[in-house]
Amino acid sequence: MTLEGKIEELIGASLEAMGFLVVRIRIMGAVGNRTLQIMIERCNEEPISVEDCERVSRNVSALLDVEDPINGAYLLEVSSPGVDRPLIKERDFDKYAGFEAKVELRDVQDGQRRFRGRLLGCQNGVVKLSTEAGETLLPFGKIATAKLVLTDELVAAHELQMAETVVN
């Protein structure tokens, strides 16, 4: 298991009890100058506030102080995934179906590694993407990185979600 996986295992249940899901955990930098980046979202899909990040940061700090999975000093950074968020889990590809995304594979498929198109979802471990060349099937397990593309359509959907949250 990767260090990121171990950290997610250590903090996941606690964050879920607080109403948050882990989007991504990433460790960057060299030993002695590391940053532990944790992206979160609310279980109820409402926007993340600065106060939410502070609460999660305090909780995660306490959990990691007890278990101490990272050797040496590190900076803890807790944030929301943002509008043009990374797509990490299979459910992300379904949740954001209809929006444009960039996907990079670990290995070449059909003569290329990078794909861009409209998400059509994920089924049985295969991400469907509508590209200029037609429908493209990408094995989820071979995806190195994927993220939404910042488009007017995505921004409008995000703004609508924000407005609905304020009204409710």
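Among the candidates 147, 95, the residue that is without any contact (Cβ under 8 Å) to a residue 40 or more places away in the chain and within 22 Å of residue 42 (Cα to Cα) is uniquely 95. Residues that are closer than 25 Å to residue 142 by Cβ, surrounded by fewer than 17 Cβ atoms within 10 Å (Cβ to Cβ) and charged (D, E, K, R) do not occur anywhere in region 60-79. Residues that are of a type in the set (A, V, I, L, M, F, W, C) and farther than 23 Å from residue 147 by Cα: does region 80-89 have at least one? Checked region 80-89: no residue is of a type in the set (A, V, I, L, M, F, W, C) and farther than 23 Å from residue 147 by Cα. Checked against (1) more than 25 Å from residue 125 (Cα to Cα); (2) modelled with pLDDT of 90 or more, residue 16 passes all but condition (1). Kindly establish whether residue 84 is modelled with pLDDT under 90, surrounded by 14 or more Cβ atoms within 10 Å (Cβ to Cβ) and farther than 25 Å from residue 3 by Cβ. Yes, satisfied. For region 109-149, a residue qualifies if it is surrounded by 14 or more Cβ atoms within 10 Å (Cβ to Cβ) and among the aliphatic types (A, V, I, L, M), and the qualifying residues are 119, 120, 126, 127, 129, 138, 143, 146, 148, 149.
Taking the criterion of being outside any helix (DSSP H, G or I) and touching a Phe, Trp or Tyr at 6+ places or on another chain (Cβ under 8 Å), the residues of region 147-168 that qualify are 148, 149, 151.
State all residues of region 34-60 that are without any contact (Cβ under 8 Å) to a residue 24 or more places away in the chain and assigned to a loop (DSSP other than H, G, I, E, B); if no residue qualifies, say none. Selection gives 49 alone.
The values are calculated or read from the model by the stated rules, or taken from the named source; none is laboratory data. Bear in mind the structure is a predicted one, so any value in this text is a computation, not a measurement. Cβ: placed from backbone, ideal geometry, glycine included. Neighbour counts: every protein chain shown.
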